[in-house]
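Visitor: Below are the structure tokens for one structure; questions will follow.
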């Protein structure tokens, strides 16, 4: 298998691989494609040795180790005066916009909201945009495995949130969610049908709650628990009541009842509520997001694609009770048996995902945690769950156990990975949120792949450091897991379909306004990818760039991209198609199990496409909605300076 088989240039075989000496010379003009060109640029002759993109700039000093996907031009010789006179001699690396690709589409409700709240794309208005997912078209390409590839490729997964379908701006005539009122804030309004059935290898339904949670959603959780037990009481013993530690859905209507934005016909709507939802709490009867995922999996099977489904428990807002539950043998048993029960109700699921944020460490304010005992209790919990699933389902219908974990080594150390890994099938490493307004003291990258170069010892990356409180990286988290004996094929690397932003950014000092109100979509400081496409990140003209006074910048040391507007110091750290491509390449190089996104309902397909291409999948001919190659360019190169502060 050649060096570049798993990289996107190999997808685009050279259409005219002629290498005749003396082939016609032309001036460099942002040539793109699979034809072989001999071009003049800056008084030299260059030849492309692979598929070339418009943003590849000829350069005498290109390293021979640079991958072809970074720059396909190879220096041949100096041009003669006669050749320069005949053909010209461009010498400025300008890459003008190309032909327009229809990435965006007009959404009147979003535009009306911009006017109503005073949002402006350049950051000069109010911080929140409330952009709907409707502003972008679905641009998922279809991919297949290279027939020459004999090794299994890493997988592409995504979490799907059970609140993504809501948007209170939708008219009553078209909105079937009786749980929403006119007072509710605008929502994402993401339509599950935007995701083709072949787009992912695994989708992870998010989230189930644990009975006993006392966090911000405790009132909703308690309402569902009370409803369950009232239905059990009225069932004359046919339904068992539930106790502390039992998992429950948080939104019966969204999970089991609605048909809006979940790919179901209106006549399948169920009037599910906490008072009556148990009659719909099974695979055959469910509508809502669970019913939509059921149908999506069936459509994938019809298309010859294996789509796996998992359900996740906990998450940032509902991790407050894990520590209490895990230390209590009776509650652990209840937790485990309720997972078995859910699998029986919904056999479409092949895995359960535990998203405890975080064992033995702080998460959301108010969460209980035990630095000494959470790790061992976590191991015991997962061990007991593995044993119960083996008894209930055996090996033929085996159910997997996965977890989501922090990418901060100090928190990862608390999870007892050496002991817990044998009971796990996959570990989804949340390699994002390394930076964010308020909690970060200095500007940093939100989801960078590598540590900054100043952390290296020569060419050696820094060892995993539990005392680090900034300049985190995905690579450090992955290397920590490997050091704990975790098999690489169990590890999945995360990418973010949203950015992290701040105000008052000074890139020379890395200071920013920690109390400011930065740009966001539904949450300040967290602009979602749909919103970024509509307002600050331009992917429509065959090159990635900033817009509305934002500039795309690239930190090549950390392999991270950001959008920066010096007027006001708006900094948005984000994953782009380029950075996700590189994460896929990294996952392949490290022989990881795959890469995944938080969350699939924040992507129009561009980032999922880049994930596939980085992992080595090939676009299916005739089913390529967008050529991704033009979007893999870097922005203006920057380096964030070293900040020496460390924990005391």
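Visitor: Given the criterion on the phi > 0 side of the Ramachandran plot and assigned to a strand (DSSP E or B), identify the matching residue among 504, 525, 485.
Guide: Numbers: 525 fails: assigned to a strand (DSSP E or B); 485 fails: assigned to a strand (DSSP E or B).
Being on the phi > 0 side of the Ramachandran plot and assigned to a strand (DSSP E or B) holds for just one of 504, 525, 485, which is 504.
Every residue, every condition in (1) surrounded by 17 or more Cβ atoms within 10 Å (Cβ to Cβ); (2) assigned to a helix (DSSP H, G or I), yes or no:
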| position | (1), (2) |
| --- | --- |
| 333 | no, yes |
| 344 | no, yes |
| 347 | no, no |
| 351 | yes, no |
| 361 | yes, no |
| 364 | no, no |
| 371 | no, no |
| 377 | yes, yes |
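Visitor: Among 73, 55, which is closer than 27 Å to residue 586 by Cβ, touching a strand residue (DSSP E or B) at 6+ places or on another chain (Cβ under 6 Å), at pLDDT 95 or above and not assigned by TED's automatic domain parsing to the domain that holds residue 533? Before you say what the answer is, go through the steps one by one.
Guide: Details: 55 fails: touching a strand residue (DSSP E or B) at 6+ places or on another chain (Cβ under 6 Å).
Step by step, each of 73, 55 is checked, and only 73 is closer than 27 Å to residue 586 by Cβ, touching a strand residue (DSSP E or B) at 6+ places or on another chain (Cβ under 6 Å), at pLDDT 95 or above and not assigned by TED's automatic domain parsing to the domain that holds residue 533.
Visitor: Also: Tell me, yes or no, whether segment 436-455 has at least one residue that is within 25 Å of residue 160 (Cβ to Cβ), under 20 Å from the mean Cα position of the chain (by Cα) and not in a loop (DSSP other than H, G, I, E, B).
Guide: No, because not a single residue in segment 436-455 is within 25 Å of residue 160 (Cβ to Cβ), under 20 Å from the mean Cα position of the chain (by Cα) and not in a loop (DSSP other than H, G, I, E, B).
Visitor: Further question on the same structure: Working only within segment 456-482, note down all residues that are farther than 21 Å from residue 433 by Cα and part of a helix (DSSP H, G or I).
Guide: 482, the sole residue that qualifies.
Visitor: Another question, then. Restricting to segment 62-93, count the residues that are in a loop (DSSP other than H, G, I, E, B) and free of Cβ contacts under 8 Å to residues at least 24 places away in the same chain.
Guide: First, the residues of segment 62-93 that are in a loop (DSSP other than H, G, I, E, B): 62-72, 79-80, 88-93.
Imposing the further condition that a residue be free of Cβ contacts under 8 Å to residues at least 24 places away in the same chain reduces the set to 62-66, 70-71, 80, 92.
Looking only at that region, the number is 9.
Visitor: Determine if segment 569-581 includes at least one residue that is modelled with pLDDT of 95 or more and out of contact with any strand residue (DSSP E or B) (no Cβ under 8 Å at 6 or more places or on another chain).
Guide: yes
Visitor: Contact list please: Cβ distance under 9 Å, first residue in segment 486-504 and under 18 Å from residue 585 (Cα atoms), second residue assigned to a strand (DSSP E or B) and at pLDDT below 95, pairs at least six apart or on different chains.
Guide: none
Visitor: Follow-up question, since we're still on this one. How many residues are assigned to a strand (DSSP E or B) and under 19 Å from residue 96 (Cα atoms) when one looks only at segment 547-562?
Guide: The number of residues fulfilling the criteria is 4.
The values are calculated or read from the model by the stated rules, or taken from the named source; none is laboratory data. This is a predicted model, so every value here is computed, not measured. Don't worry about glycine lacking a Cβ; one is built from the backbone with ideal geometry, like all the others, and counts go over all protein chains shown.
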